[in-house]
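Below: one structure, written as structure tokens.
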Amino acid sequence: MALAYKGIEVERTQQIPFGAPPEYVAKSPLSKIPCWEEGDLVLPDSSVILSYLEHRHPDPPLLPAEPGPRARALWFEEYADTKVAETLAFVFFQRVVRPSVFKQEPDVEAIERVLQKSLPEVLDYLTGRLGNDEYMVGGRFSLADIALTSPFVNFAIAGEKVDAGRWPEIAAYVERIHGLPCYAPIVAGDMPQR
């Protein structure tokens, strides 16, 4: 998403993090995706990659210039990378990855616990921070919006969406961000074709 927003063209190589070949693990010792390679530079972490891209390609900016909003955007990137991702990715992992990659049944009870306890905590927190704003930080699109809404794509692939009756602000926020001209084609490309 950051690449599309900044208009950066790259050569993409698909890599599944599970059972990655040794040559990939040598580049990404945590066997995580994505991994950025540019000449001798190898960056195996999305937060580091985004920081690098922001410095190398500062326009259009993904981080506010002012210290307070910039720190707030970085906090939301961290929150998304940990709490939001672990909550939404758990459902995706159980419903999509376990059956298709590991040939295992999903843990239905664990999914229900996440949907009933962890997810409301995340959505309540985000609702309180978003308020009536269009974007999460400083009234403009930023890294915070990419980080916070990206996990909702996999959540949708897993058959879930934000309950618009209970969290109307967040449901509208995710839909609005996913509908941006630089974001919509990526979301559409990730969704299974029916």
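Quick rundown of the values:
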{"quantity": "Set Ala144, Ala80: member being over 29 Å from Ala26 (Cβ atoms), aliphatic (A, V, I, L, M), assigned by TED's automatic domain parsing to the domain that holds Ala164 and within 20 Å of the chain's Cα centre (by Cα)", "calculated": "Ala144"}
{"quantity": "All positions within the range 1-31 that are β-branched (Val, Ile, Thr) and within 28 Å of Pro185 (Cβ to Cβ)", "calculated": "Ile8, Val10, Thr13, Ile16"}
{"quantity": "Answer residue from the range 46-74, given it is part of a helix (DSSP H, G or I) and surrounded by fewer than 14 Cβ atoms within 10 Å (Cβ to Cβ) and is nearest to the chain's Cα centre (by Cα) among those", "calculated": "Val48"}
{"quantity": "Candidates Ala156, Ala171, Ala164 - the one that is without any contact (Cβ under 8 Å) to a residue 40 or more places away in the chain, assigned to a helix (DSSP H, G or I) and out of contact with any Asp or Glu (no Cβ under 8 Å at 6 or more places or on another chain)", "calculated": "Ala156"}
{"quantity": "Near pairs, Cβ below 9 angstrom, 6+ apart or cross-chain, from the range 105-128 (aromatic (Phe, Trp, Tyr)) to any residue that is assigned to a helix (DSSP H, G or I)", "calculated": "Tyr125/Tyr79; Tyr125/Lys83"}
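The values are calculated or read from the model by the stated rules, or taken from the named source; none is laboratory data. All of these numbers come straight from a predicted model, not from anything done at the bench. Positions of Cβ are generated from backbone atoms using ideal geometry, with glycine treated the same way; all protein chains shown enter the neighbour counts.
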